[in-house]
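Participant: A single structure is presented below for examination.
The values are calculated or read from the model by the stated rules, or taken from the named source; none is laboratory data. Predicted model, so just to flag it, every value in this text is computed and none were measured. In this analysis, Cβ positions are derived from the backbone assuming ideal geometry, glycine residues included, and neighbour counts consider all displayed protein chains. We work out accessible area using only protein heavy atoms, side chains counted, and drop any ligands, DNA or RNA first. Shrake-Rupley method; radii C 1.70, N 1.55, O 1.52, S 1.80 Å.
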Amino acid sequence: MPRIIVFLGPSLERERAETILPAEYRPPAKRGDLLGAVHDGAETIVLIDGVFHQESAVAHREILTAIKKGVKVFGSSSMGALRAAEMDTLGMTGI
């Protein structure tokens, strides 16, 4: 089974998410977390929630690096929707 890592926070309860998609769930993403997921062997990254003000947000460059390494990157809801809208022409898929 492909390694799927999902960054999830307040947008959906983890228990509910697990009934929709079997994956490894991590807390809302901050800068560097997507590169960490790539390093950990992610084949698919789903970015739903991320930090905005309390720490540095997920950088566009790390999303692009993941895509260039062959990782499928999807975004939805919160931080994921914002980044997907910004990076749709570069290979990130918005849901």
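Participant: Can you name every residue in the stretch 23-59 that is over 20 Å from residue 85 (Cβ atoms) and without any contact (Cβ under 8 Å) to a residue 12 or more places away in the chain?
Facilitator: 36, 39, 54 - these are the residues of the stretch 23-59 that are over 20 Å from residue 85 (Cβ atoms) and without any contact (Cβ under 8 Å) to a residue 12 or more places away in the chain.
Participant: Mind listing whichever residues of the stretch 65-78 are under 12 Å from the mean Cα position of the chain (by Cα) and modelled with pLDDT of 95 or more?
Facilitator: Of everything in the stretch 65-78, those that are under 12 Å from the mean Cα position of the chain (by Cα) and modelled with pLDDT of 95 or more turn out to be 66, 67, 71, 72, 73, 74, 75, 76.
Participant: Continuing with this model, one more query. If you take the residues of the stretch 63-95 that are in a helix (DSSP H, G or I) and either open to solvent by less than 10 Å² (accessible area, probe 1.4 Å) or touching a Ser or Thr at 6+ places or on another chain (Cβ under 7 Å) (or both), which of them is nearest to residue 3 (Cα to Cα)?
Facilitator: 66
Participant: Also: Just one of (1) under 17 Å from residue 94 (Cα atoms); (2) not in a loop (DSSP other than H, G, I, E, B) trips up residue 38, so point out which.
Facilitator: Every condition holds for residue 38 apart from (1).
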